[in-house]
Amino acid sequence: MIKVSVIVPVYNVERYLKRCLDSLVHQTYDYLELILVDDGSTDSSGAICDIYKKQDERIKVIHKENGGVSSARNEALKEVTGDYLMFLDSDDALDLNAIERCVENTENAAWDLVLFGFHMYTEIDGETAFQNDVVYPEEIIATKAQMLSRFSEYYRKGYFNFITDKIIRSSLILDHAIEFKREFDIGGEDGMFILDLADHISHIKVTSDVFYQYYRRTKESVTQLFKAAKFDRYYDRIIRLYTFMQDNNCVDTDYLTELYGMYFLWTYESTFHPSCTLKLNDRFRYMMKTFRKKEIFPGQHQTQRQKASALSSFADYSKSSLIALKLFYQNRVLLLCLWNLFTYIKMR
């Protein structure tokens, strides 16, 4: 019988934690190992974990000093004994048949990784509303060669973005000592982990099942919050992705440029979030320093200039942001800074 380990990093989520843990202890599949990591919570989250541990012998609880989601997950990886591994964020939940269906989809451990979809909910001012289901088309990726031949296509579809929409053979992680990188906690730790894992995956099953309940609180979204080092980490992600593509002969500069533009927009728009308290002079210096980067791959600036004339992939963004993206793609950083200042003053 296949044993499944579930890792849940926990930090100051007393309001949501019971929903999360109830969705685990009441799963229709019970051969589970539930590893909860209290990452130095200052509310009652740690105590809630201990209560559930007393009620369910499948639960392990680790209490540690606060170090971020990556350090919490890494600590839990030391305790994993399951054949397969899943990750669940403590403010989200699973459908009650999720793990049973995931185990069935492994087809007696035939697959290294099984990918499933998620329900999206939006929480604003304490009110929760269903948004939509993210459903992946049924697909079999039977060999590593197949995965690499369509790597950017799979990346664009979102197959390699999140760690929480997968059940993964534990040995692929543990035998190769794959860990989460703490420096990417401000955005991208999942993607970097999966990229390291991709070197060792050969058999992937993509299902149209939808199991994961993702609750998005817009005011707390990582992509919206301003953090000074955010774009540096995004830049590092593109370098890492390009290196992977080089090593595996699957370079797609068009996709890298598109992704780079997305990361720029996330960073640029965060400068208008209330969490950004930069004054005008500091804002100008920040923009100049942040967006004046060296080329990641040969001919990048030329590819960006070509992309600047066709921004259909970014249709959901505001006109102001699209103007900024064009200036960024054209490497006109000074004008970009001035445009940011003008937009900032206009908003105030």
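Odds and ends about this structure:
- Check on Asp282, within 21 Å of Glu183 (Cβ to Cβ), out of contact with any helix residue (DSSP H, G or I) (no Cβ under 7 Å at 6 or more places or on another chain) and surrounded by fewer than 17 Cβ atoms within 10 Å (Cβ to Cβ): no
- Meets criteria (β-branched (Val, Ile, Thr), farther than 26 Å from Ala308 by Cβ and not assigned by TED's automatic domain parsing to the domain that holds Gly191) for Thr257: no
- Pick from region 28-49, criterion more than 22 Å from Ile99 (Cα to Cα) and buried (at least 16 other Cβ atoms within 10 Å of the Cβ), ranking: farthest from the chain's Cα centre (by Cα): Ile48
- Among the candidates Arg182, Arg156, Arg240, the residue that is out of contact with any Cys (no Cβ under 6 Å at 6 or more places or on another chain), in contact (Cβ under 8 Å) with a residue 40 or more places away in the chain and closer than 19 Å to Ser71 by Cα is uniquely Arg182.
- Evaluation of Tyr242 against (1) modelled with pLDDT of 95 or more; (2) assigned to a loop (DSSP other than H, G, I, E, B); (3) not assigned by TED's automatic domain parsing to the domain that holds Asp83 (one fails), failing number: (2)
- For region 267-274, the criterion of being under 20 Å from Arg156 (Cβ atoms) and surrounded by fewer than 17 Cβ atoms within 10 Å (Cβ to Cβ) is met by none of the residues.
- Matching strands (runs of 3 or more DSSP E) fully within region 93-167 where at least 1 residues are within 30 Å of Val13 (Cβ to Cβ) and either out of contact with any Leu (no Cβ under 6 Å at 6 or more places or on another chain) or hydrophobic (A, V, I, L, M, F, W, C) (or both): 113-124, 127-134
- Count - residues of region 308-341 that are more than 25 Å from Phe284 (Cα to Cα) and touching a residue at least 12 places away in the same chain (Cβ under 8 Å): 2
- Looking across region 291-319 at every residue that is among the polar types (S, T, N, Q) and buried (at least 17 other Cβ atoms within 10 Å of the Cβ), the one that is farthest from Ala228 (Cα to Cα) is identified as Thr303.
- Pairs linking a residue in region 1-28 that is farther than 16 Å from Val80 by Cα to a residue that is assigned to a strand (DSSP E or B) and at pLDDT 95 or above, with Cβ atoms under 6 Å and 6 or more positions apart or on different chains, are Val10/Leu36; Val10/Asp38; Tyr11/Asp39; Arg19/Ala93; Cys20/Ala93; Ser23/Ala93; Ser23/Leu94; Leu24/Leu34.
- Residue count, region 92-119 (criterion: within 22 Å of the chain's Cα centre (by Cα) and either at pLDDT below 95 or surrounded by fewer than 13 Cβ atoms within 10 Å (Cβ to Cβ) (or both)): 0
- Of all residues in region 197-218, one or more are part of a helix (DSSP H, G or I) and in contact with a helix residue (DSSP H, G or I) (Cβ under 8 Å, 6 or more places away or on another chain).
- Per-region count, region 10-27, residues surrounded by 15 or more Cβ atoms within 10 Å (Cβ to Cβ) and not in a helix (DSSP H, G or I): 7
- Selection status of Asn66, part of a loop (DSSP other than H, G, I, E, B) and over 25 Å from Ser171 (Cβ atoms): yes
The values are calculated or read from the model by the stated rules, or taken from the named source; none is laboratory data. What you see is a predicted model; the values in this text were computed from it and never measured. Virtual Cβ from ideal backbone geometry, glycine too; neighbours counted across all protein chains shown.
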